[in-house]
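Trainee: Structure in structure tokens, see below.
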Amino acid sequence: MENVFDYLKERGFIAQSSNEDEVREILNNKKITLYCGYDPTADSLHIGHFITLMALRHLQKAGHRVITLIGGGTASIGDPSGKDEMRKMLSFEELERNAAAIKEQIAKFLDFSDGKAIMVNNADWLRELEYLPFLRDIAVHFSVNRMLSAECYKSRMEKGLTLLEFNYLVLQSYDFLQLYRNYDCVLQVGGDDQWSNMLGGIDLIRKKERATVNVLTFNLLTTSEGKKMGKTEKGALFLDPEKTTPYDFYQYWRNIDDGDVEKCLALLTDLPMEEVRRLGSLQDEEINKAKEVLAFEVTKLIHGEEEAKKAEKAARALFSDKGSLAGSIPSSEIEKEKFAEGYYIVRLLKDVGLVSSNSEARRLIQQGGIYINNEVINDIDLDISLEHFDADNKLLIRRGKKNYHLIKLI
């Protein structure tokens, strides 16, 4: 791939770079080693991480060697960036389990054959550090005044910033130094919320090695209104199908705002930009076709073509008058006996996860936001009985326009 820097810029990835002309030059005219870090604070990556994974795929296709760094060491401290309170402390055992799960996910998107990509864990060097030598050899090169002006710390100053978290920027910078020394890594990439943290590595390598390296950040996945995307009523949009089903994942992209379609097609799919622009230019009802393409392509990349086809079929079945209920719709199997004398609607909604509380269920029913077999429910005292089920012993509950749950009798 020629001119990969301009290609990434055209697709909307690039936010900031330490030296745009220099970064463009090395990416377009040399074959370099670069890295991106992922802290294992959970046992699955989410859609925000997928932006960087897509960028890494493009960079790898252009011939660059990619290092994915699992932050088993830095995650034991916790990045203060964008947080108004200290992150939960995880045990080393939890971090190792999370790291193993994340490694499997990353391996699906990059080519690790023949050294084209490398995966390392900073716990291998950070946990072996001796405190006083580290202070004298590394921490001495960091200005506290400059660190306090960094965006990642500013938001925490009023509520209190711990010494533990204050070390995060130093350790991330040390990671860059380690990768420069051991792998000739000359570029760090990451989300734009990491900008302050990433700049520290440039200064440290300049002071310790008298060398020039660079950083490049990618835009965060936000709506046209500037709000972060990837949040659902059930939480983050995870890449793990056990946490976010392929159907729910597909439905999220099928239902995004019209104004976000073109951007998401450019960032989250491999479609050529000509096709991205064509789909993004569709208007009114036609834009739904573009949303279907987006939902299918993103789901296919993350969950595979078979799961994408299942999700697409399920979604079309639900929105078609002639469609039948599909197996990949979120569902629950409940004993027939529980409905013999009636299953209180409020409790049922909570039990299957469509609401988080009884009060929320009552409010939605009173507002006309709950449907049983596509008929609105207005009675907060309703008991769901066997008469509500069809001949196949199935009952469909809908919350609002988009959230479905299928009940199957057993």
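The values are calculated or read from the model by the stated rules, or taken from the named source; none is laboratory data. Predicted, not measured: the structure shown is a model, and the values here were computed from it. We place every Cβ from the backbone using ideal geometry, glycine too, and count neighbours over all the protein chains shown.
Trainee: Condition test on Thr217, is it buried (at least 16 other Cβ atoms within 10 Å of the Cβ), in contact with a strand residue (DSSP E or B) (Cβ under 9 Å, 6 or more places away or on another chain) and not charged (D, E, K, R)?
Mentor: Working: buried (at least 16 other Cβ atoms within 10 Å of the Cβ): yes; in contact with a strand residue (DSSP E or B) (Cβ under 9 Å, 6 or more places away or on another chain): yes; not charged (D, E, K, R): yes.
It is true that Thr217 is buried (at least 16 other Cβ atoms within 10 Å of the Cβ), in contact with a strand residue (DSSP E or B) (Cβ under 9 Å, 6 or more places away or on another chain) and not charged (D, E, K, R).
Trainee: Anything in segment 89-114 that is touching a strand residue (DSSP E or B) at 6+ places or on another chain (Cβ under 7 Å) and part of a helix (DSSP H, G or I)? List them, or say none.
Mentor: Passing the criteria: Ala99, Ile102, Lys103, Ile106.
Trainee: Which numbered condition in (1) surrounded by 18 or more Cβ atoms within 10 Å (Cβ to Cβ); (2) closer than 24 Å to Thr74 by Cβ is the only one that Gln16 fails?
Mentor: Looking at each condition in turn, Gln16 falls short on (1).
Trainee: Here's something else I'd like to know. Filter segment 100-135 for residues that are hydrophobic (A, V, I, L, M, F, W, C) and farther than 13 Å from Leu56 by Cβ and give the result.
Mentor: Taking segment 100-135 first, the residues hydrophobic (A, V, I, L, M, F, W, C) are 100-102, 106-107, 109-110, 112, 117-120, 123, 125-126, 129, 132, 134-135.
Residues satisfying the conditions are Ala100, Ala101, Ile102, Val120, Ala123, Trp125, Leu126, Leu129, Leu132, Phe134, Leu135.
Trainee: Report, by residue number, each residue of segment 233-257 that is within 24 Å of Ser281 (Cα to Cα) and hydroxyl-bearing (Ser, Thr, Tyr).
Mentor: Those that are within 24 Å of Ser281 (Cα to Cα) and hydroxyl-bearing (Ser, Thr, Tyr): Tyr250, Tyr252.
Trainee: Counting only residues that are in contact (Cβ under 8 Å) with a residue 40 or more places away in the chain and farther than 22 Å from Asp6 by Cα, how many does segment 253-277 have?
Mentor: Selection size over segment 253-277: 3.
Trainee: Right, here's the next one. Given (1) over 20 Å from Ala15 (Cβ atoms); (2) at pLDDT below 95; (3) over 14 Å from the mean Cα position of the chain (by Cα); (4) not basic (Lys, Arg), identify the lone condition not met by Met198.
Mentor: (1) is the only condition that Met198 fails.
Trainee: Sort out which residues of segment 115-145 are more than 30 Å from the chain's Cα centre (by Cα) and assigned to a helix (DSSP H, G or I), and write them in order of number. Quick ask: steps written out before the conclusion?
Mentor: Taking segment 115-145 as the starting set, the residues that turn out to be more than 30 Å from the chain's Cα centre (by Cα) are 128-145.
Result: Tyr131, Leu132, Pro133, Phe134, Leu135, Arg136, Asp137, Ala139, Val140, His141, Val144, Asn145.
Trainee: Could you give every pair whose Cβ atoms fall below 7 Å, whose first residue belongs to segment 354-372 and is small (Gly, Ala, Ser), and whose second residue is buried (at least 21 other Cβ atoms within 10 Å of the Cβ) and part of a loop (DSSP other than H, G, I, E, B), counting only separations of at least 6 or pairs across chains?
Mentor: Ala361/Val355
Trainee: Somewhere in segment 236-250, is a residue under 30 Å from Phe134 (Cβ atoms) and at pLDDT below 90? Steps first, please.
Mentor: Pass one, segment 236-250, residues under 30 Å from Phe134 (Cβ atoms): none.
So far as segment 236-250 goes, no, none of its residues is under 30 Å from Phe134 (Cβ atoms) and at pLDDT below 90.
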